[in-house]
Amino acid sequence: MPTGFKNKYAITPNYIPGPSKRRAGLPISKVRFLVAHDTGNPGSTASQNVRYYINSRNEISASAHLFVDDKEIIECVPALTAPPEKAWHVLYGVPKDNELYGVNANDAAIGVEYCYGGTIDADKAYQKYVWVLAKLCFEFELDPEKDIVGHFFLDPKRKTDPVTGLANSRRTYEQLLRDVVAEFNECTGVAVVPPPVNTAAQAGSVIVTVKLNVRKQPNTRADIVQVLSPGTALNFVARVGNGQAINNNPVWYKDTNDNYFWSGGVKQNQ
Ligand SMILES: [Zn+2]
């Protein structure tokens, strides 16, 4: 068991007053897993969602523990900042949580909401979301490989989160699960040796098609050295066949400054 965790971000408590419909004040005796959600409301921020929950606390029994956007992580039902309480984020009637973990999500899982869209910076919000999921795994001694599940997986007839919110940030659910494991290892100090970068000399020229991050290494955990806008022309000197697979595409290019960018964010310059 790791003994420490790197605290990269603050977690701000702003609790829903209870007892109320959204916050009953019932303790969770043992946190067994995490449920990854998104708000389903593009452009709404963490503070806006929490304010709405607080204002409507006596109207409906629906809630979650944490809201994450590009600016902050707010906890509105205690999970990390006080002994964990139950929140109402998955229907009791769905069977999948019981099949997977032997318990209803509302009784034993922490629900984490990803805020996306509008003016929310997707890269920054995603980093915080990944980090807080890893942090929850550490604090509750969960396995980041097995103990996180998406809401859509528990309630496939009604829900698509967090797949929709992540897609809005150019990311997949599978990517999220991998990134949480990597973040967990990094923040607990577990050294993971990356495979050697497999480059082949190949020169070419491309045009950027999305907001493109140029990084020190061919993976999304490496430092960003430059952010390029769509339409920017860019030369490369080598092709990397085994970079981090994004949307199942592991090909990255090495630029003339020995930095890297993902091939899916560019098109060939004719
Ligand atoms: Zn949800």
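Rule-based calculations on the coordinates, nothing more; no lab input. The shown structure was predicted, so the numbers you read here are calculated from the model rather than taken from an experiment. Cβ atoms come from the backbone with ideal geometry, glycine included; neighbour counts cover every protein chain shown.
Structure above, values below:
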item: Cα gyration tensor category, rounded, prolate or oblate, for the range 199-268 with a/c compared to 1.5; result: rounded
item: Options 13, 264, 46, ranked by Cα towards positive dipole end of the chain, top entry (Cβ charges); result: 264
item: Cut-off 14 Å between beta-carbons: net charge of the residues surrounding residue 56, Lys and Arg +1, Asp and Glu -1; result: +4
item: 5 angstrom amide H check on residue 88, placed H, neighbours 5+ away; result: 63, 64
item: Residues whose placed amide H lies under 5 Å from that of residue 111, excluding near-sequence neighbours; result: 35, 65, 66
item: Karplus 3J(HN,Hα) series, Hz, for the range 101-115 with 6.51 cos²θ - 1.76 cosθ + 1.60 (x for Gly, Pro); result: 10, x, 7, 6, 3, 4, 8, 8, 10, 8, x, 10, 9, 9, 9
item: Net charge dipole size for the range 131-265 [Lys, Arg +1 and Asp, Glu -1 on Cβ; Debye, nearest 20]; result: 540
item: Separation of alpha-carbon centers, the range 23-70 and the range 126-173, rounded to whole Å; result: 14
item: Unit charges at the beta carbon, dipole of the chain: most positive-side option, 116, 250, 196; result: 116
item: Crossing angle, helix 122-139 versus the chain [Cα axis fit, 0-90 degrees, rounded to tens]; result: 50
item: Relative exposure of 123, 155, 179, judged by other C-beta atoms within 10 Å (fewest first); result: 123, 155, 179
item: Three-way shape label, the range 11-188, alpha-carbon gyration tensor, a/c 1.5; result: rounded
item: Under 5 Å, built H, 5+ apart or other chain: amide partners of residue 226; result: 214
item: Beta bridges per DSSP with both ends in the range 30-184, % antiparallel, nearest 5; result: 20
item: For the chain, size of Cβ-based charge dipole, Lys and Arg +1, Asp and Glu -1, in debye; result: 360
item: Degrees between helix 46-55 axis and first principal axis of the chain (Cα, 0 to 90, nearest 10); result: 10
item: Fewest-first sequence of 34, 166 by Cβ atoms within 10 Å of each Cβ; result: 166, 34
item: Shape of the range 138-235, Cα gyration tensor, a/c cut at 1.5; result: oblate
